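The values are calculated or read from the model by the stated rules, or taken from the named source; none is laboratory data. Because the structure is a prediction, the values reported are computed rather than measured. Backbone-built Cβ (ideal geometry, glycine too); neighbour counts: all protein chains shown. Heavy atoms of the whole protein, side chains included, go into the accessibility calculation; ligands, DNA and RNA do not. Shrake-Rupley method; radii C 1.70, N 1.55, O 1.52, S 1.80 Å.
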Amino acid sequence: MIKYLGSKRALLPPILEAVNAMLPERGVVCDLFSGTARVGHALKGQGHRVWSNDHNAYAHALATAYVQADREVWADRAAVVLADLAATTPEPGWFTKAFCEDARFFHPDNGARIDAMRDRIEAMGLEPELEAIALVSLMEAADRVDSTAGVHMAYMKSWAPRALKPLTLRMPDLQLAVPGDPCRATHADALEIAAQFDGDLVYLDPPYNQHSYLGNYHCWESLVLWDRPETYGIANKRVDVRTRKSAFNSKPGIGPALEAVVAAIRAPNLIVSFNDEGYLSRDQLVAILSSRGHVQVVEIARPRYVGARIGIHSPKGEKVGTVGRLRNVEYLFVVTERPVELPVAA
């Protein structure tokens, strides 16, 4: 999957262990802030029926491929589409100009491949699941040859070695269908979906500080929407990065926003993923969640993201400031009617 700030790849084992402790017979789970869809993909793989949601278009594409699409239905047809895309003649266009020339996130040779493949996807008129699989394959292929430290805020002064390699498509790791109603992916506000979902458990992994996922991954948003937006700044961000703001990225806004989402949830079980670099403290989160039931907390120490370990650099590539702490603490807040067995709960 794509490189992602706050990715739960390393936290999947404790998350899955907590969900399975709460739902040993498997159940219906909603991921309200799905991001890369890594958690929903893993839950579907373990037999849970999953509803993934996110308000960003690139995240919705990821969830449509990794949660909604069933391997036995779409894999063979997707292989034909990916072969067609791989044979498309490169042709530079808007993406190459915006993100390979005006900004240098990708090498122009790969920009021409991305432009041609994305135009081809648009022309095919594919079903939503098949289109999402193609988009995710292209997004992940571009991610493997980028020239960044993992976010689209800045690019390397010189091309990263991987950026000089040709972009190649791979089939996304689709999951088999699970019994019962199909898994689903929606593109909506978390509060709206929280009020609609009436299953067994809700997993919340909201933004927790000033860093906007739309701002950090604006290239993927433009790749998926293919709307060729007006851009600004050295990073050529979409202009709507300035207006599509989330209360979760605001210190005064995050508490009321989380309280509203938690109050809207009807499911009996909750898991909230948070970070000790977030705007809310452990005690504040426990206070918010205690209204819903018994709260247990799992603490997991993790290295900070690569950009924090590298440090801050000026536009000229000169290091400025100093690197702070190298590790942080990831929290899992497990909310149930009564305590469940969690091996590392505190």
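Structure above, values below:
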item	result
Residue within the stretch 291-298 that is within 15 Å of residue 334 (Cα to Cα), without any contact (Cβ under 8 Å) to a residue 40 or more places away in the chain and either of a type in the set (Phe, Trp, Tyr) or open to solvent by 50 Å² or more (accessible area, probe 1.4 Å) (or both) present	yes
Scope the stretch 196-206; condition surrounded by fewer than 21 Cβ atoms within 10 Å (Cβ to Cβ) and not in a loop (DSSP other than H, G, I, E, B); matching residues	196
Filtered residues of the stretch 207-239 (kept if assigned to a loop (DSSP other than H, G, I, E, B), open to solvent by less than 30 Å² (accessible area, probe 1.4 Å) and modelled with pLDDT of 95 or more)	217, 226, 229, 235, 236
Subset of the stretch 280-323 that is part of a loop (DSSP other than H, G, I, E, B) and of a type in the set (Ser, Thr, Tyr) - its residue that is modelled with the highest pLDDT	281
Any hit, the stretch 245-265, residues being open to solvent by 10 Å² or more (accessible area, probe 1.4 Å) and touching a strand residue (DSSP E or B) at 6+ places or on another chain (Cβ under 8 Å)	no
Residue within the stretch 178-191 that is without any contact (Cβ under 8 Å) to a residue 60 or more places away in the chain, assigned to a loop (DSSP other than H, G, I, E, B) and either under 20 Å from residue 118 (Cα atoms) or within 17 Å of the chain's Cα centre (by Cα) (or both) present	no
Extreme residue, surrounded by the fewest Cβ atoms within 10 Å (Cβ to Cβ), among residues of the stretch 41-85 that are within 11 Å of the chain's Cα centre (by Cα) and among the aliphatic types (A, V, I, L, M)	57
Sole residue being open to solvent by 50 Å² or more (accessible area, probe 1.4 Å), closer than 27 Å to residue 72 by Cα and either charged (D, E, K, R) or at pLDDT below 95 (or both), chosen from 113, 170	170
Cβ-Cβ under 9 Å pairs, at least 6 apart or on other chains, the stretch 126-149 side on the phi > 0 side of the Ramachandran plot and part of a helix (DSSP H, G or I), far side open to solvent by less than 10 Å² (accessible area, probe 1.4 Å) and modelled with pLDDT of 95 or more	none
Tabulated pairs, the stretch 68-97, first without any contact (Cβ under 8 Å) to a residue 12 or more places away in the chain and farther than 29 Å from residue 34 by Cα, second of a type in the set (D, E, K, R) and assigned to a helix (DSSP H, G or I), C-beta under 8 angstrom, 6+ apart or interchain	none
